[in-house]
Amino acid sequence: MEDKIQFELNGKPVEIPMDEHQTLLWALRTYFNLTGTKYGCGQGDCGACTVILNGEAIRSCQVGMNEVSGAKVITIEGLASNGELHTLQKAFMEHDALQCGFCTPGMIMNAYGLLLKNPDLTKEEIIAGMEDNFCRCGAHNRIIDAVEAAAKEMKSVETR
Amino acid sequence: MKETKEYNEYTAGETSVPGLRRRDFFKLLGGGLYVFFNVTDALNVLATESEQRRSLPTDYNAFLLIHEDGTVSCYTGKIEMGQGVITSLAQMLADELDVAYEKVKMVMGDTMLCPWDMGTFGSMSTRFFGPPLRAAAAEALAVLLDMAAEKLGISAEQLTVEDGVIISKQDKGKKIAYRELTSGKKIERYLDQKPEVKDYSEFRIMGKSFNHQDGRLKVTGEAKYTADIRVPGMLYARILRPPSHGAKLVSVDTSEAEKQDGVLVVKDRDLIAVLHENPEKAEESRDKIKAEYEFDEKDVNDQNLFDYLLKNAPEGQIINSQGDLDIGKRMVDTLVESEYYNSYVAHATMETHAALAHIEDEKITVWASTQTPFPAQETISRVTGFPLENVRIIPPFLGGGFGGKTAHSQAVEAARLAKITGKPVMVDWSREEEFFYDTFRPAAVVQISTGTDASGKINLWDYKEYYAGERGSDTIYDVPHQRTMAFGRGWRAPEVHPFATGAWRAPGNNTNTFARESQIDIMAAKAQTDPIEFRLKNLTDQRMIGVLKEVAEKAGWKPAASPSGRGFGVACGFDAGAHVAHIAEVEVDQATGRVQVKRVVCAQDMGFCINPEGATIQMEGCINMGLGYSLTEEVKFTGGKIETKDFSSYQLPRFSWIPKIETHILELNEPPQGGGEPAIICMGAVIANAIFDATGARLYHLPMTPDRVLDALKNKL
Ligand code: FES
Ligand code: FES
């Protein structure tokens, strides 16, 4: 029998044939057809491929599928719930924090990972935490503003 | 006429055929009111160039369609790559036609649905496409009014329009919607006379800010870029690449690759590829190919580059000359002679080049990340032998372009592989391939010899640019004795470079503005005059004066001669019809040579601004992107071997570098100008001038890396 890897993807149990050479990035993009996770460099440099693995923002191009067994993975497609956009997604739209939009899913997932760890991010912490995600279009200022606004909003919802 | 020159710069050499036959699109698109228009005719930009006129479509190259349901589509060969024309063009159309913005849909770049267009670059969509688009919308409105007049039995003058409904001015009860007029009809109109378009005072939608039309798709990951397109049975291709641009394949052994499960190996002359449904398997197998090469390298690298370029320079062309340089020299008290350099710069879009080719029923469809779908269609037809009408190019969303996606060789590769294998084939370049095949902004040298008299008036301007390109080489200052010479054809001069070069956001202008505005700053410092005052004294162009004064006021500029120790720099320039001026504040770490740009203020005169929000975003993007070529971005190479392969050896601007940005768009009722490029051109000079103001050290070489800053600090007088 073929070996399979089982894990949880955007809240649903899934499985995929074991292939030790496969990275999470390409499994998502090809096998699961979740193309919101982008290839930007394949070398861990740019952050376009960022997803959440067990509560941490990671670079899916650097993660082999064998590391994913039993894990929980969230991609950009899994962020909205029942058609309702996540606060971060709304904030990116409201602040026009994108141009070509190619870096956007990675930016949002990385920010989501930061906020999971620390909901009280200061602007300096946002900048430091986003540092290794690249945006060639230069939407940086707006991305920082969007993340800052979303963090505030999420906090106020929580404490309400 | 300046625009003619600029337009032709891009069209020369292209041939063309309209994409879609008229009878076909009636079938495809259904009923409604069609208005066809020709971008070039309406502007008359090619009137003097009969030869090039022949190669452009003679009848129309865009049209708009008022559908039977009252919505409006505009079919244009332009593409959206983050610059936001999808929004601003829709605004123009909605405004002229008096329909809600939400009712307008832009259909862009699909060669089957859209008429021919040369490509999207040069900040031309708004400037050159906008006026005929507005005229077409006005024409459509006139036709609809005529039809309504007939239907309602009221003269057209007695009618008015509110959001797609034509209403009698006398009796508001008498009305008819566009929908009712166009339903069940196929009405065809061509635009040959310019109808009246709205006056600025009548705009309701133009001039207002709109968020990106495509925002929701992009924050949810639903937006499809080329590499996201899926076709059943598609294979990923991984292509054998030479180690250098000077390498020639002499022998190849693919036997190991062929042994891998499920692979397909293609060997077609220069194209050797491994295909697999799993991209990582394809790559693994491709890496098992053994290949030997013969090398014929140019003796040039990033160290001896500028000597090489000057040594191999072709003869210069005088592109502008006024007065007499010898007389000018005699009128000069202070002579400044400088040489400026800039290295090769990559486009480095976050999306690499990708294309998916799919053949069905003798027709080939290629989804491609390209700024030039129609030229790509022609190339693919020529290379694969499919007749032009059977080649369809669809450009999905582009993950950045900046000129880098005017080249489309990935689409040709995908098409060839699809034809050979009969399967749908995806060619999506790796980051390394992207650096290797990028059409870099050319390395360039500018030599300037200028002089002022005792009063600080510039009397002499002798300007020579090598390989940068003419764009932005205008003197802009009022100098009685001046000459500008161009050596080499700018980014269109492949012969000297060891690899491909091409248009890079505001081609030519980044280099030229860096040189000119640095030189002005040197003269101002020598004259011990505040750099803004010095510029104003030597300018007569009222719009340039306007942006300079605006930026000075908005930044709270306090006049002082440089170096003042404050770290403030200024620069101004002209690009794509727009005037810009920047002020920057920097901090220089004198121990490490690292420069931090803390604040950039930018004033832009772009005529009437269609979408202030969109234009602001472009200005911010220009400023942030400009930090890269100013401070770090430089392609390393040895002969044809590109040493820069990844983002650790090619540093893009990061979050921690980002300055506080303040943008100011002048409010003017003048024809709209380009907005995607102008604000990037000053970045080199404004930072160099600020570094000088902070430290007294002058930088002549872009990028101004820490090493170069340290050198300049050591060498300062
Ligand atoms: S694609 Fe994974 S970091 Fe760039
Ligand atoms: S929006 Fe284009 S790369 Fe960030």
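Round to a whole number: what % of the accessible area of segment B:458-590 belongs to carbon and sulfur, probe 1.4 Å? Carbon with sulfur: 48 percent of the solvent-accessible area. Annotation: extensible slack from B:GLU339 through B:SER209 equals 42.5 nm (criterion: 0.36 nm per residue apart, minus Cα-Cα distance). Measuring heavy-atom accessible area with a 1.4 angstrom probe and counting protein chains only, the residues of segment B:195-244 that give up at least 50 Å² relative to the chain alone are B:HIS212, B:ARG216, B:LYS218, B:VAL219, B:THR220, B:GLY221, B:TYR225, B:ASP228, B:ARG230.
When the pairs A:LYS72/B:LYS281; B:LYS105/B:LYS151; A:LYS72/B:LYS105; A:LYS4/B:LYS290 are compared against a 30 Å limit on Cα-Cα distance, A:LYS72/B:LYS105; A:LYS4/B:LYS290 fall above it.
When the charge dipole of segment B:176-299 is built from unit charges on Cβ atoms (+1 for Lys and Arg, -1 for Asp and Glu) and taken about the Cα centre, the candidate among B:GLY246, B:LEU264, B:SER201 whose Cα reaches farthest toward its positive end is B:SER201. Computed 3J(HN,Hα) for segment B:148-165, one whole-Hz value per residue from the Karplus formula 6.51 cos²θ - 1.76 cosθ + 1.60 where θ = phi - 60°, is 5, 4, 5, 4, 8, x, 10, 5, 4, 5, 8, 10, 9, 10, 9, 6, x, 10, glycine and proline marked x.
Per-residue Karplus couplings for segment B:464-470, computed as 6.51 cos²θ - 1.76 cosθ + 1.60 with θ equal to phi - 60°, are listed in order as 10, 10, 10, 6, 6, x, 6 Hz, Gly and Pro entered as x. Tell me whether chain B comes out rounded, prolate or oblate; compute the Cα gyration tensor, take square roots of the eigenvalues as a ≥ b ≥ c, and use a/c under 1.5 as the rounded threshold. Because a/c hits 1.5 or more and a/b fails to exceed b/c, chain B counts as oblate. Starting from the Cα of B:LYS169, draw a straight line to each of the aspartates and glutamates and keep only those under 17 Å, dropping any in the same chain fewer than 8 residues away. By straight Cα distance, B:LYS169 reaches B:ASP98, B:ASP146, B:GLU150, B:GLU157. Note on segment B:239-340: with neighbouring protein chains present and a 1.4 Å probe, carbon and sulfur make up 41 percent of its accessible heavy-atom surface. If both residues of a DSSP beta bridge must be in chain A, then about 90% of such bridges are antiparallel. Using a ≥ b ≥ c from the Cα gyration tensor of segment B:450-554 (square roots of the eigenvalues), is it rounded, prolate or oblate, where a/c under 1.5 gives rounded and otherwise the larger of a/b and b/c decides, a/b for prolate? Here segment B:450-554 falls in the prolate category.
Between chain B and chain A, the total buried accessible area stands at approximately 4500 Å², from heavy atoms with a 1.4 Å probe. Listed by chain and number, the lysines whose C-alpha is less than 24 Å from the C-alpha of A:LYS152, apart from same-chain residues fewer than 8 away, are A:LYS90, A:LYS117, A:LYS123, B:LYS218, B:LYS660. The overall shape of segment B:285-352, judged from the alpha-carbon gyration tensor, is prolate: a/c is not under 1.5, and a/b is greater than b/c.
Contact residues in segment A:120-136 by the 50 Å² criterion (accessible area, 1.4 Å probe, full protein complex versus chain alone): A:GLU131, A:PHE134, A:ARG136.
Within a Cβ distance under 11 Å of B:SER321, other residues only, what is the Lys/Arg minus Asp/Glu net charge? Residues near B:SER321 contribute -1 overall. The residue list B:ALA376, B:GLY400, B:SER343 was ranked by how far each Cα lies along the charge dipole of segment B:296-438 toward its positive end, using unit charges on Cβ atoms, and B:ALA376 comes out on top.
Working from Cα pairs under 8 Å separated by at least six residues, relative contact order for chain A is 24 percent. The phi-based Karplus calculation (6.51 cos²θ - 1.76 cosθ + 1.60; θ = phi - 60°) puts the 3J(HN,Hα) values of segment B:336-341 at 10, 10, 9, 10, 10, 10 Hz, whole numbers, x for Gly and Pro. Length available on full extension from B:LYS636 to B:VAL107: 0.36 nm per residue minus the Cα-Cα distance, which gives 186.4 nm.
Considering only the Cα atoms of the protein assembly as shown, their convex hull presents on average a projected area of 39.7 nm².
As a ratio to 2.2 N^0.38 Å, the alpha-carbon radius of gyration computed for chain A takes the value 1.04. Residues of segment B:79-120 that bury at least 20 Å² of accessible area when the other protein chains are present, relative to the chain alone (probe 1.4 Å, heavy atoms, ligands and nucleic acids excluded): B:GLY82. Give me the one-decimal Kirkwood hydrodynamic radius in Å for segment B:112-154, with the sum taken over alpha-carbon pairs. After inverting the pairwise mean of 1/r, the radius is 12.7 Å.
The aspartates and glutamates within cross-link reach of B:LYS103, meaning a Cα-to-Cα straight distance under 12 Å and a gap of 8 or more places when in the same chain, are B:ASP69, B:ASP95, B:ASP163. Ligands, DNA and RNA are left out, and with a 1.4 angstrom probe the accessible area of the protein assembly as shown is 38 Å² per residue. Here, segment A:4-78 has an Rg and a Dmax of 10.8, 30 Å when only alpha carbons are counted. Hull volume per residue, based on the alpha-carbon atoms of segment B:579-649 and their convex hull, is 154 Å³. Sort out for me the Cα centre separation of segment B:429-498 from segment B:499-515, rounded to whole Å. Cα centroid of segment B:429-498 versus Cα centroid of segment B:499-515: 8 Å apart. According to the Kirkwood relation over distinct C-alpha pairs, the hydrodynamic radius of segment A:87-158 is 11.8 Å. Looking at segment A:4-78, the DSSP beta bridges with both ends there are about 85 percent antiparallel. Basic side chains Lys and Arg get +1 at the Cβ, acidic Asp and Glu get -1 at the Cβ, and with that the dipole of chain B about its Cα centre reaches some 460 debye. Antiparallel beta bridges, as assigned by DSSP with both residues in the protein assembly as shown, represent about 75 percent of the total such bridges.
Using Cβ point charges alone (K and R +1, D and E -1), the dipole size of segment A:87-158 about the Cα centre works out to roughly 160 debye.
The values are calculated or read from the model by the stated rules, or taken from the named source; none is laboratory data. All of these numbers come straight from a predicted model, not from anything done at the bench. Cβ sites come from the backbone with ideal geometry, for glycine too, and all protein chains shown count toward neighbours. Each accessible area value is taken on the protein alone, full model and side chains, heavy atoms only, with ligands, DNA and RNA left out. Shrake-Rupley method; radii C 1.70, N 1.55, O 1.52, S 1.80 Å.
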